[in-house]
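Accompanying notes for the structure given below.
Only the coordinates and a few stated rules stand behind these numbers; no lab work does. The structure displayed is predicted, hence computed values, not measured ones. Because the Cβ atoms are built from the backbone with ideal geometry, glycine has one as well, and the counts that use them run over all protein chains shown.
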Amino acid sequence: MNTATSNLRRAYWLKTLHEWHWITSALALVGMLFFSVTGITLNNVALFEAPPVVTNRQAQLPDQLLSQLSALSEQGMEEESVALPPGFSTWSRTILGVETREATQEWSDRDLNLSMQRPGGDAWMSVNLSDGKVKLQDTDNGAIAYFNDLHKGHYTSRWWTWFIDAMGISCLIFALTGFFILFLHAKNRPATWPLIGLGLLIPILLILLSIH
């Protein structure tokens, strides 16, 4: 292969790699900043954690909803989860400000306990099936805990899970195109391979020396 052809091929690959590199960097920029910052807050939880704010509320369940839940109690004790009346979710959201449609259920012949997990907090609700008294305890762990849970994908929707996957693919393409750009420039930049080797060596040494 002559020099002119080799230079043309190199120029083509450089242009293509640069295009993919800047496109993925633009798509992933905000996400990379988010996951970088939350990686720091996750790794230093003691420095950033805030005291939880616990709110207790009480309410009276309407008779119609109480009758519907009472009728479901036997089925609930036999099965792991049952479909709660649609009106109950609307009532709990309107009166108590919590979403119960995907709550974890625990039934007995006397009450229904619901556990609701969300990024940065959780809520626990108890419904007395005898008199309809409802108790709610809502815990908010603060904004940092909220973003940390988003980083880990805890208690999020499938849409957020897909976003994390898309971010991972974008970052992977960004890193690989960056590597091949370095490869093509390595001949004129002698420090390229020592720096890449150092970037590989540091985490390996830390694993070997500090993690047992």
> Given a cut-off of under 8 Å on Cα pairs at least six residues apart, what relative contact order in percent is computed for the chain?
Replying inline: 25
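Quick one: which of 190-199, 133-142, 151-160 comes out on top by average Cβ neighbours within 10 Å, and what's the full order, highest first?
133-142, 151-160, 190-199
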> Can you give the relative contact order of region 78-135 as a percent, counting alpha carbon pairs under 8 Å and 6+ residues apart?
Replying inline: 21
> Which ³J(HN,Hα) values, rounded to whole Hz and listed in residue order, are derived for region 180-193 from phi using the Karplus coefficients 6.51, -1.76 and 1.60 in 6.51 cos²θ - 1.76 cosθ + 1.60 with θ = phi - 60°, glycine and proline given as x?
Replying inline: 6, 5, 4, 4, 6, 9, 4, 4, 9, 10, x, 7, 4, 5
> What is the spin-label model distance, in nm, from THR5 to SER25 if the labels are put 7 Å beyond Cα along the C-beta direction?
Replying inline: 3.3
>> Tell me the net charge near GLU49. Cut-off is 13 Å between Cβ atoms, GLU49 excluded, with +1 for each Lys or Arg and -1 for each Asp or Glu.
In response: -2
> Which order do peptides 86-92, 73-79 fall in by mean Cβ count within 10 Å, highest first?
Replying inline: 86-92, 73-79
>> What is the distance in Å between the Cα centroid of region 119-157 and that of region 39-62?
In response: 9
> THR192 label point, 7 Å along Cα→Cβ, cut-off 19 Å on backbone N: hits in region 141-183?
Replying inline: 173-183
>> Given R₀ = 45 Å, what would the calculated FRET efficiency be for SER108 paired with VAL37, taking r from the Cβ atoms and rounding to 0.05?
In response: 0.55
>> Taking 0.36 nm per residue of sequence separation and subtracting the Cα-Cα distance, how much length would be gained by fully extending the chain between ILE169 and GLU80, in nm to one decimal?
In response: 28.4 nm
>> How much length would be gained if the chain were fully extended between ASP122 and LEU205, taking 0.36 nm per residue of separation minus their Cα-Cα distance, in nm to one decimal?
In response: 25.9 nm
>> Restricting to Cα pairs below 8 Å that are 6+ residues apart, what does the relative contact order work out to for region 1-107? Please round to a whole percent.
In response: 17
> Angle between the Cα long axis of helix 63-78 and the longest principal axis of the chain, 0 to 90 degrees, nearest 10?
Replying inline: 70
> What number, rounded to the nearest 500 deg cm²/dmol, is the helix-based mean residue ellipticity at 222 nm of the chain, given -39500 (n - 2.57) per DSSP H run of at least four residues and division by all its residues?
Replying inline: -20000 deg cm²/dmol
>> Using a Cα-Cα cut-off of under 13 Å, which aspartates and glutamates could be cross-linked to LYS152, ignoring same-chain neighbours fewer than 8 residues away?
In response: ASP165
> Taking a label point 7 Å from the Cα of ASP63 along the Cα→Cβ vector, which residues of region 105-130 have an amide N closer than 19 Å to it?
Replying inline: 128-130
